[in-house]
1. Taking all protein chains as present, what is the carbon and sulfur share of the accessible area of the stretch 220-352, in % to the nearest whole number, probe 1.4 Å?
2. Can you check what the net charge comes to around ALA194, using other residues whose Cβ is under 14 Å from the Cβ of ALA194 (Lys, Arg +1; Asp, Glu -1)?
3. Between beta-carbons, use under 12 Å as the cut-off and find the net charge around PHE385, counting Lys and Arg +1, Asp and Glu -1.
4. For the ranges 295-304, 410-419, what's the packing order if you count other beta-carbon atoms within 10 Å of each residue, average per peptide, and put the highest first?
5. Would you mind getting the accessible area per residue of the stretch 234-372, heavy atoms of the protein chains only, 1.4 Å probe, in Å²?
6. For the peptides 140-146, 321-327, 223-229, what is the packing order when you average, over each peptide's residues, the other Cβ atoms within 10 Å and list the highest mean first?
7. May I have the extent of the alpha carbons of the stretch 320-386 along their three principal axes, as whole Å values ordered from largest to smallest?
8. Using the Karplus curve 6.51 cos²θ - 1.76 cosθ + 1.60 with θ = phi - 60°, what ³J(HN,Hα) values do you get for each residue of the stretch 390-401, in whole Hz, with x for Gly and Pro?
Amino acid sequence: MMKNILIIMQILILITGCESFVENTAPSVSYVSDDDINDPSNIPFLINGVLNEYSYAHTYVSLWADGLSDELVNDGKVQGTTGTRGEYIDNGFFDHTQGTYVRPYEAIALAWRSAHILKEKLDIMDGEETAEADGYYTAYLYQGLPCFLLGSYYGRGPNYPDDGGATLNGSAFIPSSDLYGMAMAYFDSALVFANDYQTKVVHSLIGRLHLYGGNYSVAAVHASQGLQDGDAPFEGLSGEEWPWPNWYWQRTGNFRTSWTLGSRFKYLLGEDFEDANGNGVWDSTETFIDCAVPGADVGQGDGVYNGPTEPEESVRLPMSAASMTPGVEYVRYFQTKYPDADSPISIINWQENHLILAELALRNEAVGVSALDAVNAVRASHGLFSLESIDFSVLLHERDKELFCQGQRLMDQNRFPNELPWHMLGTETWHYLSIPYEEELANPNYP
């Protein structure tokens, strides 16, 4: 996988042991013993802990990856945008000595550790067969998913810039290719315990892994067995039943708008205007609300009314105008795809699997469906009209709209650097959340 210039993050793994101690409480609840944890009746509890930890990590990393891509913009003139972290991410600059920058990596490590502990506990339990199968499926799947995240979004190894990767649970540096191999092994083990629906989920995940790894023929085998039209999405959970809210809602939604959407999304729907004469179209005498320039997103409008180019896309590009600093003559827009704290985020769904199939078909792989039919099935699920032709440019545009605010744009920009140029002015191009290699940290001139 191509690796370019990377954002620098410091590694701080803060993982506790498997026994939890509670201070300043009555002696009867001062600690939880291994015997208590190893009771087979606790399998659902342990599974929920794994789901919780991974959901937190997935939304956290996806949000920052979208901020690093051209999908989200950090604009200090949006009310509610405070601090400098979002601006640094948007511009590709990190101060790796800032502890808060390592939190997504810590979350990934903790998610893997939780799943690993679940597997260890299952090995010494003697529980009901169905419960154990569910436990092992969860343990293997959620050890694989963190490896996929690390292999996809992290980098700066000993052969930089030719490889990416990370450490895991105090290990030596693991290149991205090896992390993908680890993820593949975990996914294969999860298939042993999967039911019919779970089997399709895992095949979709494996198909995506091989697609991003450039192994298109293998990706075709698995994506063809993946989620199909009408299957339920595989989602990360958040909200009232879980301790973490949806990060997109919390940071780029109607709770707090630290990040707003790249202007191209609003340009598809057309800029807002005051329809004084009620004819439904903008007239030159009517006031319009200028949104920021698309592409570069340098923080200013272009002074020209831009009518809608794809007004029908409002069905899958829900957004609202952000509150701007008084006197600013343009408006940013934030996503409302996740309107609530408990809005689930798709880890993978049948629509993404169909877009994977479409790409593989364009690469002349046999997947049992044409690229055009696969894309049109996705569009039909939103009530959108069918396209008459498809090529890579159209496919990438469809992925941009279908998968927005799901952490996938960064991967597409890395995979298609010529088709999807980076839109950052005044800075170099940064493509990955990065862990600094230890030899670099020892360099007094770094960075």
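1. Answer for the stretch 220-352 is 52 percent, counting heavy atoms of protein chains only.
2. -4
3. Taking every other residue near PHE385 into account, the sum is -3.
4. 410-419, 295-304
5. 43 Å²
6. 140-146, 223-229, 321-327
7. 55, 30, 22
8. The phi angles translate into 8, 9, 4, 4, 5, 4, 5, 5, 5, 4, 4, 7 Hz.
The values are calculated or read from the model by the stated rules, or taken from the named source; none is laboratory data. Since the structure is predicted, the reported quantities are computational estimates derived from the model, not experimental observations. Using ideal geometry, Cβ is built from the backbone for each residue, glycine included, and neighbour counts are taken over all protein chains shown. Side chains included, ligands, DNA and RNA excluded: accessible areas come from the protein's heavy atoms. Shrake-Rupley method; radii C 1.70, N 1.55, O 1.52, S 1.80 Å.
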